[in-house]
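Comments concern the structure below.
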Amino acid sequence: MKGTVMIVEDDGDIREALATVLADEGMPALTAANGQDALVCLKTSPEAPMLIVLDLMMPVMDGWQFAAALRAQPTWARIPIVLLSAGEDLETHARNLGACSYVRKPVDLEKLLVIVEQCASHGMS
Amino acid sequence: VPSQPTSAPSCPRSGVARLPVPRLADWCAVEVSESGQASHELIAIAHIVPEKETLLKQLAARSSEGDWLPPAAPDGEVRATAITAFAKDAEHEQLLRSVGVASIVRVPLVVRERTLGVMTYGIGSARRLDADRRLMFELAQHAALAVDNARLYLATQLALRARDEFLSIASHELRTPLTALQLQLQSLRRAMSTMEGAWEPARTRIESAARQASRLAGLTERLLDVSRIAAGRLKLDLEEFDLADAVRELTERFADEAAKAGCKLELDLRGPARGLWDRLRVEQIVSNLLSNALKYGRGQPIQVLVDHDPMHATLSVNDAGIGIPEQDIKRIFERFERAVPSRQYGGLGIGLYVARQIVEAHGGEIRVESRVGIGSRFTIALPRQPAPAARREET
């Protein structure tokens, strides 16, 4: 079963491209430009997303701060996170944040889709 | 209380000012000015009485612009009346006399027809300086050259840093739109592949656009590598794998390119050659060597050999192409260097530089044997167990 995916990414072009691609795959996307927007979006959404694709370096509220805020809320704490970043040491960051996986920029779409499906099903089981 | 000169911390009792003290003068001061500016900065001082060096600084600091010393006659003598006339107040006059300004010679620091500053020799007692003037001018000439060299060196360092910063920013900036572009192209390609009766010309064009975008992404990554290396941030993700397997897989990916170049890839893979390496980085080196061999291989067969001993795994890529002149062999592993004219062969001139850095980060070595018109053989040797320096850093 496929549900909504949330994309938290400050670059508008990447955010929109990801949203289109995931929608094509039957996963409509909620989008947010930074951690703070994402928290607002989560509060106002009728239904929690099945997965969050999260950029790390963002203005206002970065990926680390957002992940911490998310984990502090029991309703959202179990939503799987997939890190999406151009930064170094993604594996370490993913481990530290308790993310279920990570995707390096530039993104390989096929890889991303496989990871999204894996993490989403893992989160639901 | 006289104000402390602002340049005091950068004003050491440095060698050049000390040279003429005490033989030629009681004290010496070297000032430089930025081009086009009237104010001078004191960069070196020395006084025969070291405690008086502070007084010298105070004296210079009293007049931030223009002269801080009374005018001297052509023979260097400063008349007592001139000192009194020059002093702003009694304390100033006292300062001048305490430093000792009975004779002063000021020699401009001139290099490449530009005046960089002035070197001042001072003597407390009235004594004729004529005999020593030639030496004073010579010393000033040396000081001028030293100042000029230091400035050129600093300018070069700043320019290099600016280049590295620019590279880092530019490659990061390029990567963001590229990511969006690649996503769109990959999604189009995906849609096309499942579409019944998709328009064939569109499919091939999308394939081609995706290939070019991925080439751009590769170039951007190489630029990023250069800035990572410059900042000492090249890190290895070690895992165990078989080099022979990795090379076999990579050569399959190069099949199309090899066919286009008219080069046959002949493999001799004596595996398993297992070791603990960074797979993506090793693939990057192999890709670089293969694409170089195809690029410069003149359509001749290319031999790819993987071998191993208990300590090392080795890879050789041997082409029968244009070869590399002996004088260029050292250069090709340096940053932005290339042995061929850029008008005839494309590329950024960083592939082999990055390859060498990756190999060395693994504790291995890369070498080349080449003869012009005969061909080149690039060999990398990687230790199967990582050298201590190659252990992964956690930050």
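The values are calculated or read from the model by the stated rules, or taken from the named source; none is laboratory data. Since we're looking at a predicted model, the values are computed, not measured. All Cβ positions, even for glycine, are placed from backbone atoms using ideal geometry, and neighbour counts span all protein chains on display.
Being of a type in the set (D, E, K, R), within 14 Å of another protein chain (Cβ to nearest Cβ) and under 14 Å from the mean Cα position of the chain (by Cα) is a property that holds for A:D55. Taking region B:41-155 and the helices (runs of 4 or more DSSP H) fully enclosed by it, the elements with 2 or more residues that are free of Cβ contacts under 8 Å to residues at least 12 places away in the same chain are at B:80-86, B:90-99. Reported count of residues in region B:182-201, each being within 7 Å of another protein chain (Cβ to nearest Cβ) and at pLDDT 85 or above, is 5. Pairs linking a residue in region B:307-323 that is on the phi > 0 side of the Ramachandran plot and of a type in the set (G, A, S) to a residue that is assigned to a strand (DSSP E or B) and surrounded by 18 or more Cβ atoms within 10 Å (Cβ to Cβ), with Cβ atoms under 9 Å and 6 or more positions apart or on different chains, are B:G323/B:S370; B:G323/B:G375; B:G323/B:S376.
The residues on offer are B:T204, B:T179, and the sole one that is within 26 Å of B:D256 (Cβ to Cβ) and within 14 Å of another protein chain (Cβ to nearest Cβ) is B:T179.
Note on region A:10-32: residues that are at the interface with another protein chain (Cβ under 10 Å from one of its Cβ atoms), outside any helix (DSSP H, G or I) and under 13 Å from the mean Cα position of the chain (by Cα) amount to 1. For region B:291-330, the candidate set comprises residues that are among the charged types (D, E, K, R) and not in a strand (DSSP E or B); within that set, the residue that is modelled with the lowest pLDDT is B:K330.
The listed residues are B:L116, B:L174, B:L167, B:L139, and the only one of them that is surrounded by 15 or more Cβ atoms within 10 Å (Cβ to Cβ) and within 14 Å of chain A (Cβ to nearest Cβ) turns out to be B:L174. When we screen B:A209, B:A213 for residues that are hydrophobic (A, V, I, L, M, F, W, C) and away from chain A (no Cβ under 13 Å), the only hit is B:A209.
Within region A:67-102, if we keep just the residues that are small (G, A, S) and assigned to a loop (DSSP other than H, G, I, E, B), the residue that is nearest to the other protein chains (Cβ to nearest Cβ) turns out to be A:A86.
Answer with yes or no whether A:P80 is closer than 17 Å to A:P49 by Cβ, at pLDDT 85 or above and surrounded by fewer than 16 Cβ atoms within 10 Å (Cβ to Cβ). In short, no.
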